[in-house]
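Chemist: Quick one: the structure is below, questions incoming.
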Amino acid sequence: MTEIGMIIALECEIPKTLRRYKFREEKEFRIYQLRKNLKIILDISGYGKRNASEKTERLLDNFDVDYIINLGYSGASYPGAKIGDIVIASKAKYLKNMIELDAELIKAAASKLTSGNNTYQVGTIQVFDRFIFSKKGISKDVLAVDMESFFVAHLALQKGVKTLIVRSISDILSGKEPSCFHNLIVRYKLLKGFKKASQALDDFFKVFFQL
């Protein structure tokens, strides 16, 4: 039996295909039996460092999973990025800290996407303590940004568990900071890119787990 821990920041980031499966609740986790030999333990962490760290630790303290998969949406900072692109993290960066992620999981994810219709990139994801509105402060080698992935991977690594980080691009970051109305801009961009990003994330989920 393969048991996979899944950490997602928000309810809306749960892949549509996974929503079609029934689940049972155990210790506030959602347990999905996708096949006889495949089980997913889902925890919805909420935004940010503290939530991601606490929920990852809680999951790993309660279940002996084969690895963690961290799914969600990201803003893109690389040239030619499009809404709905998939980014597979090879490294996760926070401040001056960098984590190298498991090469076998990355290869497995990339090989599944190669045979599908999704455009994907493999590279570094940078994590911030706040919403990011522009490319300002983002390292040149970074493909995408979020607020949780480093902390999920860091906590899992401390407990000897591998992590796969996959992001669907929901927003293309601009070259400069908006002058005002930051919250409204975030909401507008998320709503604008949500449908396509959601479909791309679901496509990845189906292809990766062969559903």
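Chemist: Going by amide H atoms built from the backbone, whose H comes under 5 Å of the H on GLY72, apart from near neighbours?
Modeler: VAL166, SER168
Chemist: Using all Cα-Cα distances in the stretch 29-80, what percent lands in each 5 angstrom bin from 0 up to the longest?
Modeler: The percentages, shortest bin first, are 4, 15, 24, 22, 14, 10, 7, 4, 1.
Chemist: Further question: Where Lys and Arg each count +1 and Asp and Glu each count -1, what net charge lies around GLY123 among other residues with Cβ under 13 Å from its Cβ?
Modeler: Neighbourhood net charge equals +1.
Chemist: With a point put 7 Å past each Cα toward its Cβ, work out how far CYS12 is from GLU54 in nm, to one decimal.
Modeler: Each label point is offset 7 Å from its Cα along the Cβ direction, giving 2.3 nm.
Chemist: If you line up the long axis of helix 182-209 against the longest principal axis of the chain, both from Cα atoms, how many degrees apart are they, to the nearest 10?
Modeler: Once rounded, the angle reads 40 degrees.
Chemist: By how many degrees, 0 to 90 and rounded to 10, does the Cα axis of helix 149-158 deviate from the longest principal axis of the chain?
Modeler: Approximately 40 degrees, to the nearest ten.
Chemist: Let me ask something additional. Give me log10 I(q)/I(0) at q = 0.09 Å⁻¹ for the chain, Debye formula, one equal scatterer per alpha-carbon, no solvent.
Modeler: -0.31
Chemist: Spelling out what I want: for every residue of the stretch 21-37, take phi, set θ = phi - 60°, compute 6.51 cos²θ - 1.76 cosθ + 1.60 (Karplus), and round to whole Hz; glycine and proline get x.
Modeler: Running phi through 6.51 cos²θ - 1.76 cosθ + 1.60 with θ = phi - 60° gives 8, 6, 9, 10, 9, 9, 6, 6, 9, 9, 10, 10, 9, 6, 9, 4, 10 Hz.
Chemist: How tilted is helix 48-62 with respect to the longest principal axis of the chain? Cα atoms for both, answer in degrees (0 to 90, nearest 10).
Modeler: 10
Read-outs throughout are calculated quantities, based only on the coordinates presented, and are distinct from any laboratory measurement. Predicted model only: the values in this text are computed from it and were never measured. Note: ideal-geometry Cβ built from the backbone for every residue, glycine included; neighbour counts use all protein chains shown.
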